[in-house]
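I have placed the structure first, in the form of structure tokens, so that the comments after it can refer back to it.
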Amino acid sequence: MDFHLAALKAFVSAARESSFSRAADCLHLTQPGLSKRIRSLEDALRVTLFDRIGRRTVLTEAGRAFLPHALRILAEADQASQLLRSLQPAQIGKLHLATTQHIGLYYLKPLLADFVRQYPGIDLTVDFKTSAETHKLLCQGELELGFMSEPPLHEQALEYVEVLNERLCFAVAQQHPLALLAALTLQDLARYPALLPGSNTRCRRLIENLFQQHATPLDVREPSNYLEALRMLVEAGLGWSALPEVMISSGLCRLPLQPYEPARTIMLAYHRKVSLSGPARLFLEWLKAHPPGLHSVA
């Protein structure tokens, strides 16, 4: 069965007005145009909906039986249309995003708090993943939005939005021997263990590339991918690390190596071929209007 809402509207209007001419006026149609729509509906249903008695238009038995169904279809279509309009962008619905622990703890808390306060109808779920895990889920189309550090290679299937840049600072415990030196080189650092995340992380690649450029070997220990865990081990005096500036606490000493400090880009990504939900589009707009606090590269 194939018919259009326009034909249903023509049928309902003619039934209410008991006149094709008046129904055509109500719908801003010509009478032949309205008649054509009703004929198409009758053809689709394989019944006669109206009897034409002189100037009067009277519903047939089939027309009377079909009228409440037509009214219900039009009402449901109108409700569906209103719902979809409310989703442009949606202020109701579900939003699922992923982020690393570091990005979530240090940058997203105020952003997310303001977002859910402004849009209480959105059910927001946040999963903590590594950047590599988030990138994989996005490529597989299993996640709408994900925060991550910049991947080594940009996938053509993904759209990347730069959120902020953060400087990585070389740090040791306050009681570490390196903390006593007023001037340092990368060779001085290389004499002590480097506490770094896994080799698949952006942070690790930046540090290894830096030391390779200066032909300086590294004694790498790889205790954890979580920067909070690395900071704890550095504070305990087990070695040095390169930590985001925002993580340098009172228990740490930032080493005077600013000319060598690399920077990494924090990004939000989504799949180009996955239709984003209304809440996801709204979050993108919100992020552009309310960017997290920037720790920019000087």
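The values are calculated or read from the model by the stated rules, or taken from the named source; none is laboratory data. Note that the structure is predicted; figures quoted are calculated from it, not measured. So basically every Cβ, Gly included, is an ideal-geometry build from the backbone, and we count neighbours across all protein chains shown. Protein only, heavy atoms only, side chains kept; ligands, DNA and RNA dropped before computing areas. Shrake-Rupley method; radii C 1.70, N 1.55, O 1.52, S 1.80 Å.
Longest segment of the chain with no trypsin sites (Lys or Arg not before Pro) in a DSSP loop having at most 14 other Cβ atoms within 10 Å?
In the chain, the maximal stretch lacking such sites is 56-190.
With Rg and the Kirkwood Rh both taken from Cα atoms, where does Rg over Rh land for the chain?
Result for the chain is an Rg/Rh of 1.33.
In square nanometres and to one decimal, what's the mean projected area of the convex hull around the Cα atoms of the stretch 167-263?
5.3
Along the stretch 184-197, what does the Karplus equation 6.51 cos²θ - 1.76 cosθ + 1.60 (θ = phi - 60°) give for ³J(HN,Hα), rounded to whole Hz, x for Gly and Pro?
9, 10, 5, 5, 5, 4, 5, 6, 10, x, 9, 9, 10, x
Percent of alpha carbon pairs in the stretch 5-87 separated by more than 16 Å?
Everything past 16 Å amounts to 51 percent.
Looking only at S224, S199, S13, which one moves most when the chain is put into a Gaussian network model with springs between Cα atoms under 10 Å?
Comparing S224, S199, S13 in the GNM, the peak value goes to S13.
Computing the accessible area with a 1.4 Å probe over protein heavy atoms, can you report the carbon and sulfur percentage for the stretch 167-263?
51
Counting only heavy atoms of the protein chains, get the accessible area per residue of the stretch 167-263 (1.4 Å probe) and round it to a whole Å² value.
For the stretch 167-263, the per-residue accessible area is 45 Å².
Could you grab the relative contact order for the chain? Cα pairs under 8 Å, six or more apart, rounded to a whole percent.
22
If you find the alpha carbon centre of the stretch 174-242 and of the stretch 101-129, how far apart are they in angstrom?
The stretch 174-242 and the stretch 101-129 have Cα centres spaced 31 Å from each other.
For the stretch 20-125, what is the accessible area per residue in Å² when the probe is 1.4 Å?
For the stretch 20-125, the solvent-accessible area averages 63 Å² per residue.
Quick one: putting +1 on the C-beta of Lys and Arg, -1 on the C-beta of Asp and Glu, what dipole do you get for the stretch 5-87 around its Cα centre, in Debye to the nearest 20?
160
In straight Cα distance, which lysines are under 27 Å from K9, not counting same-chain residues fewer than 8 positions off?
K36
Students often forget the sequence filter, so: which lysines lie under 30 Å Cα-Cα from K129 once same-chain residues fewer than 8 apart are removed?
Those lysines meeting the cut-off are K94, K109, K273, K288.
Report, to the nearest whole %, how much of the accessible area of the stretch 5-87 belongs to carbon and sulfur atoms, 1.4 Å probe, protein only.
52
Between G146 and residues 5 or more places away or on another chain, which pairs have amide H atoms under 5 Å apart, with H built 1.01 Å from N, and which residues are they?
HN-HN under 5 Å from G146: A98, A269.
Helix 278-289 sits at what angle to the longest principal axis of the chain, using alpha carbons and giving 0 to 90 degrees rounded to 10?
In the chain, helix 278-289 runs at an angle near 50 degrees to the longest axis.
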